Amino acid sequence: MTVCPARPVGSTTMVEVLVTLLDPSIPLPAYAHPGDAGADLCTTVDVTLQPGERAVVPTGIAIAIPVGYVALVHPRSGLAARAGLSIVNAPGTVDAGYRGEIKVCLVNLDPREPIVLARGDRIAQLVLQQVEQASFRAVDALPESARGAGGYGSTGGFAVTSTT
Ligand SMILES: O=c1ccn([C@H]2C[C@H](O)[C@@H](COP(=O)(O)OP(=O)(O)OP(=O)(O)O)O2)c(=O)[nH]1
Ligand SMILES: [Mg+2]
C-alpha cells in the first residue's frame, strides 16, 4: 500500500488542469474565494426549465484531469435554495480521461415556478478530488464487521407515517 504524505493543515495543493475554451467568451472555471472547494461553471445557452423539467446544458469547457483525480459537478446551494435548481446526477462524475465538453444535467425541483437561466450564468461548481481505484477480488466470504449486513435505517431514524 502506498501512503501519501499528509498535507499540512491550512494549506492547499494546486493541481494544474488544462482547459480548452470551446466558447471563448465563457470564462475559465473560477473559485469565488481563496480556499473554496468548488470552481463555478457557466451555461453557454439560455435555458428555461419548467417545474420538474430537466435539460443537459453545455458549459463551453473541456478539461484534462490528471490521472488519479476526478472532477465532480455539484449544484450551487444559492440557486438550489432560492429557485429549486439542482443536478439530476449530483454530483456528476468527470473522468480523468474525458476530453469532451463538460455538460450539466440541470433539473427544476420547484413545484410551481419556472427557472430562467441566461448564457453566462453560473449554474454549477466543479470540485477536484483525488481518487483511488479498487482492484476488485471475488471471495467466498467477507471479513466480519460490527455492522455486518445492517443498513437502510438499521440504526434507527425517522418514523414514516402514511396518510393513506
Ligand atoms: O455531470 C457530468 C457527468 C459526466 N460528464 C461526462 C464526463 C464523464 O467522464 C462522462 C461519462 O460520465 P458517467 O460515467 O457518469 O456517465 P455514463 O452514463 O456511465 O457514460 P459512459 O458510458 O460514457 O461512461 O460524461 C459530464 O460532462 N458532466
Ligand atoms: Mg461511466
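The values are calculated or read from the model by the stated rules, or taken from the named source; none is laboratory data. Just so we're clear, the structure is a prediction, and the values are computed from it rather than from any experiment. No Cβ is skipped: glycine too gets one built from the backbone with ideal geometry, and neighbour counts run over all protein chains shown.
Looking only at residues in the stretch 127-157 that are in a strand (DSSP E or B) and within 16 Å of ligand 1 (Cβ to nearest atom), the one that is nearest to Ala81 (Cα to Cα) is Val127. Is there a residue being of a type in the set (A, V, I, L, M), at pLDDT 95 or above, touching a strand residue (DSSP E or B) at 6+ places or on another chain (Cβ under 9 Å) and closer than 21 Å to Val131 by Cα anywhere in the stretch 40-60? Within the stretch 40-60, not a single residue is of a type in the set (A, V, I, L, M), at pLDDT 95 or above, touching a strand residue (DSSP E or B) at 6+ places or on another chain (Cβ under 9 Å) and closer than 21 Å to Val131 by Cα.
Listed here are the strands (runs of 3 or more DSSP E) enclosed by the stretch 28-126 that have at least 1 residues being more than 14 Å from ligand 1 (Cβ to nearest atom) and either under 23 Å from Glu16 (Cβ atoms) or among the polar types (S, T, N, Q) (or both): 38-42, 47-49, 103-108. Of Val17, Val47, Val9, all but one fail to be loosely packed, with under 15 Cβ neighbours inside 10 Å and out of contact with any Cys (no Cβ under 9 Å at 6 or more places or on another chain); the exception is Val9. No other residue among Ala90, Ala32, Ala71, Ala64 is closer than 15 Å to Val127 by Cα, free of Cβ contacts under 8 Å to residues at least 60 places away in the same chain and buried (at least 18 other Cβ atoms within 10 Å of the Cβ) apart from Ala71. Taking Gly10, is it small (Gly, Ala, Ser), farther than 17 Å from Gln125 by Cα, in a loop (DSSP other than H, G, I, E, B) and within 14 Å of ligand 1 (Cβ to nearest atom)? No.
Of the numbered conditions (1) within 17 Å of the chain's Cα centre (by Cα); (2) at pLDDT below 95, Gly100 satisfies every one except a single condition; which is it? Exception for Gly100: condition (2).
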